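K.L.:
Have a look at this one.
The values are calculated or read from the model by the stated rules, or taken from the named source; none is laboratory data. Just so it is clear, the model here is predicted, and its values are computed rather than measured. Cβ sites come from the backbone with ideal geometry, for glycine too, and all protein chains shown count toward neighbours. Accessible surface is based on the protein model in full, side chains and every heavy atom, while ligands, DNA and RNA are left aside. Shrake-Rupley method; radii C 1.70, N 1.55, O 1.52, S 1.80 Å.
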Amino acid sequence: MDRERKIEVEEVEGVTPPPKARVSDAAEAPGAAGTFARKRDYLEGFLAQKPAEPADDVPGDLHAAVIEALKDIYDPEIPVNIYDLGLIYDVEITPDSHAKVKMTLTTPHCPVAESMPGEVELGSARCRESAMPRLELVWDSPWDPQKMSDEAKLELGML
């Protein structure tokens, strides 16, 4: 360590930014022949899909009523309901009018891990037509902020 380290400083007027990549540039790039050509509107088919309709023998209003009941339950630490927060993964109504709710929590160590599932069962039981709610608490796939609705992100200042 006898050598002394020297830091050199170079002053510059400005740096030209690198060119921005474009989808059309990739298709025209040399060597692009034979590679996958991506459509410009790759979400076209996804956005055209309609949400699945409930089966004819299952009352659709019960499904909507259970979801509305779940929207009345709020996470005590976050001012957003658990449905918009993305904690409810699936609401299914069986032919015998049982509500099956699949949900998760923000983390396995969530402070409301003991009380929230019971609150969800009670909330979905408030729908008079629902015979007996069943709750399935899942950890796969784990919750992340991308599961939140746009309304929830807006409420939390994430949009």
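K.L.:
Which pairs break 23 Å Cα to Cα here: LYS71/LYS100; LYS100/LYS153; LYS20/LYS153?
P.N.:
LYS100/LYS153; LYS20/LYS153
K.L.:
If you don't mind, another one. Could you check the spin-label model distance between GLN146 and LYS102? Points 7 Å from the Cα along Cα→Cβ, value in nm.
P.N.:
Spacing of the two 7 Å Cα→Cβ label points: 1.8 nm.
K.L.:
I've got another one for you. Give me the accessible area per residue for the stretch 85-159, probe 1.4 Å, as a whole number in Å².
P.N.:
60 Å²
K.L.:
Using alpha carbon centroids, what distance separates the stretch 100-118 and the stretch 3-18, in Å?
P.N.:
Value for the Cα centre distance between the two parts: 53 Å.
K.L.:
Okay, moving on. Expected output is a single nm value to one decimal: the length gained when fully extending between GLU4 and LEU156, i.e. 0.36 nm times separation in residues minus the C-alpha distance. What is it?
P.N.:
Going from the current span to full extension adds 49.6 nm.
K.L.:
For the stretch 66-121, what mean projected area does the convex hull of the alpha carbons give, in nm²?
P.N.:
Orientation-averaged projected area of the Cα hull: 3.8 nm².
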